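*Asks:* Handing you a structure now.
The values are calculated or read from the model by the stated rules, or taken from the named source; none is laboratory data. These numbers were taken from a predicted model, which means no experiment stands behind them. Here Cβ is always computed from backbone atoms with ideal geometry, including for glycine, and neighbour counts include all displayed protein chains. SASA here: full protein model, heavy atoms, side chains in, ligands and nucleic acids out. Shrake-Rupley method; radii C 1.70, N 1.55, O 1.52, S 1.80 Å.
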Amino acid sequence: MAIHHVRIVLLFFLYATSIIFCYASNVSEAKTKPTKLITKLIHRNSIHSPFHNPHHSIEDKAKFIFESSLARFANHNYKTYLIPGTHMWFIFLVRFYIGNPTIPQLAVMDTASSLLWVQCSARRSPIPLLDPIKSSTYANILCKSKFCRHFPDNSCIKKHCTYNISYVNAPTSVGNAATEQLLFESDGNIVIVSQVIFGCSTVEKTYIDNGINGVFGLGPENISMARQLANKFSYCIGDFYDPNYNYNRLILGDEARLEGDATSLEMSEVHYYLNLQGISIGDNKLDIDKNVFKRNLTDQSKLTGVIIDSGSIATWLINEAYYKFRNEVKRILSDSIIEDMDECRWCLCYKGNMNEDLKGFPEVVYHFSEEADLEVGFDGIFYEATTSTFCMAVYPSSHLPYKHFWDITVIGIMAQQNHNIAYDLHEKKLYFESIDCEVYEG
């Protein structure tokens, strides 16, 4: 889709959705944080997204799955943030409104970034932007504030706290640390969240040219939206492939749905880590030494352990696990293997129709500590590559762009579909609940 077409569609989309809030263009500031907030997640390729292209072919969608999963790890410095949206390779958007009067926003949901930031006023913009001078609820954070030190690469300008987030192959966000009022449409109601800590980016060229106006950070650090709203959140991902699907949800606050199998959750400054014990395909538990999934805290030269991530579509397995996984899939699907695909010469692909030929394919189960299981159907393991081929969306970490990623395992968003994934940051627990996301409708 051409960039100028994206701009026109996005502008219309934001204008149309802002009608819902026309009566709330000037609102009174709420004094307490809501205990529960449910808002829609917009898949980048759904009909509810301003980036939806009805002419996208199966091949286009397959390319998106493969290339976006690689682009997530395009940052050569693994200690900093993964790329939330390079060349439009993002997955889910959050819609909200900021300021008083309110300005509509679309931001990338990201569990590997902790800062919520948006582009503020610029000389030229195809979409409305927050103007701090005009908003009655905006306030800069002072350098002496306890929150200033949590902003990335923070510094002081005239006693005001500033930040700087640098990405590789993506625009930089530099600006003022601030607080502002946010509005969400939640279960048909308007929920106001006051004094939200965020970044007000002042760099002229950021994500606007790609139609994105910021990042909705849900990472582990103190300034993330997860921390600001009761240390709990969950997201429910339903049918990943259906462009008409409208039930993906993000739930923030005390009443986030903490149900299902619970496992230990570890946190670094950037990532959420899980303790993976093993993998089964059907009744066959793969012969994988569980120590290959352990996080190595003494070796700072590389990323290790198991990350659960909202920004990678595919799942990445460390080599010792990947080839055991691959060989078992090849044993089960012995016929019609394609060894060489143009887009991915190391991918495992087959001739056939995914929905017909994979009926009866056994569930893949990721076994985590405390006997918590994530059960994944074939639609969380495979994707259609063409009308007559399908490929496995489980890749070897050794094919990630930089060597310091080669020992990491990443549970991607495809493996999380048809589940509510809940994070309790205070109790350090993560929950897997197999669920129909329509339960949140109404």
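*Asks:* Say we look at the stretch 58-89 and pick out the residues that are open to solvent by less than 40 Å² (accessible area, probe 1.4 Å) and polar (S, T, N, Q); which of these is modelled with the lowest pLDDT?
*Replies:* T86
Results for (1) out of contact with any Gly (no Cβ under 9 Å at 6 or more places or on another chain); (2) outside any loop (DSSP other than H, G, I, E, B); (3) buried (at least 18 other Cβ atoms within 10 Å of the Cβ), shown as yes or no for each residue.
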site	(1), (2), (3)
K302	yes, no, no
I307	yes, yes, yes
G311	no, no, yes
E320	yes, yes, no
Y323	yes, yes, no
N327	yes, yes, no
K330	yes, yes, no
D335	no, no, no
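Quick grid of which residues meet (1) in a strand (DSSP E or B); (2) of a type in the set (D, E, K, R); (3) open to solvent by 50 Å² or more (accessible area, probe 1.4 Å):
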site: C200; (1), (2), (3): yes, no, no
site: C236; (1), (2), (3): yes, no, no
site: D242; (1), (2), (3): no, yes, yes
site: V270; (1), (2), (3): no, no, no
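*Asks:* Let me ask something else about it. Does any residue in the stretch 141-157 that is among the charged types (D, E, K, R) come within less than 8 Å, Cβ to Cβ, of a residue that is open to solvent by 30 Å² or more (accessible area, probe 1.4 Å) and not in a loop (DSSP other than H, G, I, E, B) six or more places away or on a different chain, and which pairs are these?
*Replies:* Close Cβ pairs satisfying both conditions: D153/N164.
*Asks:* Now a separate question. Determine which member of the set E363, E371, E328, E375 is in contact with a Ser or Thr (Cβ under 9 Å, 6 or more places away or on another chain) and over 23 Å from L265 (Cα atoms).
*Replies:* Numbers: E371 fails: over 23 Å from L265 (Cα atoms); E328 fails: in contact with a Ser or Thr (Cβ under 9 Å, 6 or more places away or on another chain); E375 fails: over 23 Å from L265 (Cα atoms).
Of the residues listed, the single one that is in contact with a Ser or Thr (Cβ under 9 Å, 6 or more places away or on another chain) and over 23 Å from L265 (Cα atoms) is E363.
*Asks:* Scan (1) among the aromatic types (F, W, Y); (2) free of Cβ contacts under 8 Å to residues at least 40 places away in the same chain; (3) touching a strand residue (DSSP E or B) at 6+ places or on another chain (Cβ under 8 Å); (4) over 12 Å from F66 (Cα atoms) for the single condition Y350 breaks and write down its number.
*Replies:* Single failed check for Y350: (2).
*Asks:* Looking at the stretch 95-112, which of its residues are of a type in the set (S, T, N, Q) and under 23 Å from G219 (Cβ atoms)?
*Replies:* Our first condition is that a residue be of a type in the set (S, T, N, Q); within the stretch 95-112, this holds for 100, 102, 105, 111.
Correct list: Q105, T111.
*Asks:* Looking only at residues that are open to solvent by 10 Å² or more (accessible area, probe 1.4 Å) and free of Cβ contacts under 8 Å to residues at least 60 places away in the same chain in the stretch 172-187, which one is nearest to L229 (Cα to Cα)?
*Replies:* Only one residue fits best here, namely T179.
*Asks:* From V215, V270, V193, V203, grab the single residue that is farther than 22 Å from L374 by Cα and outside the structural domain of H56 (by the TED database).
*Replies:* Details: V215 fails: outside the structural domain of H56 (by the TED database); V193 fails: outside the structural domain of H56 (by the TED database); V203 fails: outside the structural domain of H56 (by the TED database).
Among V215, V270, V193, V203, only V270 is farther than 22 Å from L374 by Cα and outside the structural domain of H56 (by the TED database).
*Asks:* Taking W316 and the conditions (1) open to solvent by less than 40 Å² (accessible area, probe 1.4 Å); (2) in contact with a strand residue (DSSP E or B) (Cβ under 8 Å, 6 or more places away or on another chain); (3) assigned to a loop (DSSP other than H, G, I, E, B), which numbered condition does it fall short on, given that it satisfies the others?
*Replies:* Of the numbered conditions (1) open to solvent by less than 40 Å² (accessible area, probe 1.4 Å); (2) in contact with a strand residue (DSSP E or B) (Cβ under 8 Å, 6 or more places away or on another chain); (3) assigned to a loop (DSSP other than H, G, I, E, B), the odd one out for W316 is (3).
*Asks:* Looking for whichever is assigned by the TED database to the domain that holds G377, part of a loop (DSSP other than H, G, I, E, B) and not basic (K, R) here; the options are N291, N296. Which one fits? Write out each step before concluding.
*Replies:* Working: N291 fails: part of a loop (DSSP other than H, G, I, E, B).
Of the residues listed, the single one that is assigned by the TED database to the domain that holds G377, part of a loop (DSSP other than H, G, I, E, B) and not basic (K, R) is N296.
*Asks:* Can you pull out every residue in the stretch 143-163 that is surrounded by 12 or more Cβ atoms within 10 Å (Cβ to Cβ) and β-branched (V, I, T)?
*Replies:* Correct list: T162 only.
*Asks:* Are any of the residues in the stretch 365-379 aromatic (F, W, Y), in a helix (DSSP H, G or I) and either within 14 Å of G278 (Cα to Cα) or not assigned by the TED database to the domain that holds L218 (or both)? Give the derivation first.
*Replies:* Kept after step one, since they are aromatic (F, W, Y), are these residues of the stretch 365-379: 366, 368, 378.
Now restrict to residues that are in a helix (DSSP H, G or I): 378.
Filter once more, so that each one left must be either within 14 Å of G278 (Cα to Cα) or not assigned by the TED database to the domain that holds L218 (or both): 378.
Checked against the condition, which is being aromatic (F, W, Y), in a helix (DSSP H, G or I) and either within 14 Å of G278 (Cα to Cα) or not assigned by the TED database to the domain that holds L218 (or both), the stretch 365-379 yields at least one hit.
*Asks:* Go through the residues of the stretch 217-231 one by one and say whether even a single one is assigned to a strand (DSSP E or B), open to solvent by less than 10 Å² (accessible area, probe 1.4 Å) and either of a type in the set (D, E) or under 11 Å from D110 (Cβ atoms) (or both).
*Replies:* Here is the first cut: in the stretch 217-231, the ones assigned to a strand (DSSP E or B) are 217.
If we keep only those that are open to solvent by less than 10 Å² (accessible area, probe 1.4 Å) as well, we get 217.
Next, from what is left, pick out any that are either of a type in the set (D, E) or under 11 Å from D110 (Cβ atoms) (or both): 217.
So far as the stretch 217-231 goes, yes, one or more of its residues are assigned to a strand (DSSP E or B), open to solvent by less than 10 Å² (accessible area, probe 1.4 Å) and either of a type in the set (D, E) or under 11 Å from D110 (Cβ atoms) (or both).
*Asks:* Residue by residue through the stretch 244-268, note down the ones that are in contact with a Phe, Trp or Tyr (Cβ under 9 Å, 6 or more places away or on another chain) and part of a loop (DSSP other than H, G, I, E, B). Before the answer, list the steps.
*Replies:* Of the stretch 244-268, the ones in contact with a Phe, Trp or Tyr (Cβ under 9 Å, 6 or more places away or on another chain) are 247-253, 256-267.
Those that are in contact with a Phe, Trp or Tyr (Cβ under 9 Å, 6 or more places away or on another chain) and part of a loop (DSSP other than H, G, I, E, B): Y247, N248, G253, A256, R257, L258, E259, G260.
*Asks:* From the list I127, I165, exactly one residue is within 30 Å of Y402 (Cα to Cα) and under 27 Å from the mean Cα position of the chain (by Cα). Which is it?
*Replies:* Selected residue: I165, the only one of I127, I165 that is within 30 Å of Y402 (Cα to Cα) and under 27 Å from the mean Cα position of the chain (by Cα).
*Asks:* So, in the stretch 363-398, how many residues would count as being touching a residue at least 60 places away in the same chain (Cβ under 8 Å) and more than 27 Å from L258 (Cα to Cα)?
*Replies:* The qualifying residues number 13.
*Asks:* Just checking, does the stretch 119-142 include any residue being modelled with pLDDT of 95 or more, outside any loop (DSSP other than H, G, I, E, B), exposed (fewer than 15 other Cβ atoms within 10 Å of the Cβ) and not hydrophobic (A, V, I, L, M, F, W, C)?
*Replies:* no
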